[in-house]
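One structure, as C-alpha cells, below. Some questions next.
Read-outs: derived from the displayed coordinates by stated rules, not from any lab. Everything numeric here is computed off the predicted structure, so don't read it as measured data.
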Amino acid sequence: MTVQVENSAIWLIKKLQKIEIRQQGYKVLIDSLGIANTLQFLQQLGLGYGNYTEDRQQWLDQLTMDNFLNYVIGKQTNVK
C-alpha cells in the first residue's frame, strides 16, 4: 500500500511539474509575442502525428551500411 501511495505521489508531482512548465511557457510566449501572435505560432507548431519510434524503425530496417556510406560520400562530394 505504501509503495502504491508513493508511486501515486511521484506521478502527481511529475504531472504538476509538466503543467507548470506548460503554463510558464505559455506565459513567456504571450509576454513576448502577444496573444494573437502566440495563437498563430501555436497553430503553426501543430501537435504532429504518427508514432516516430515505429516510423523510424521501419526506415532503419531498410537502411544498409552500403546505402548509408554512399549517402555520406554523396553529401561530402556535394559540399566541395
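Which entry in (i) 1.01; (ii) 2.87; (iii) 1.90 matches Cα Rg over 2.2 N^0.38 Å derived from the coordinates of this structure?
Here the calculated entry is (iii).
When the helices in the chain are scored as -39500 (n - 2.57) per DSSP H run of 4 or longer and the sum is shared across all residues, what 222 nm value do you end up with, to the nearest 500 deg cm²/dmol? Show your work: numbers first, answer last.
On the way: 4 runs with 69 residues, N = 80.
Here the helix-only value at 222 nm equals -29000 deg cm²/dmol.
Which whole-Hz couplings ³J(HN,Hα) result when phi for each residue of the range 66-72 is put into the Karplus expression 6.51 cos²θ - 1.76 cosθ + 1.60, θ = phi - 60°, listed in order with x for Gly and Pro?
Taking θ as phi minus 60°, the curve returns 4, 4, 5, 4, 4, 5, 5 Hz for the range 66-72.
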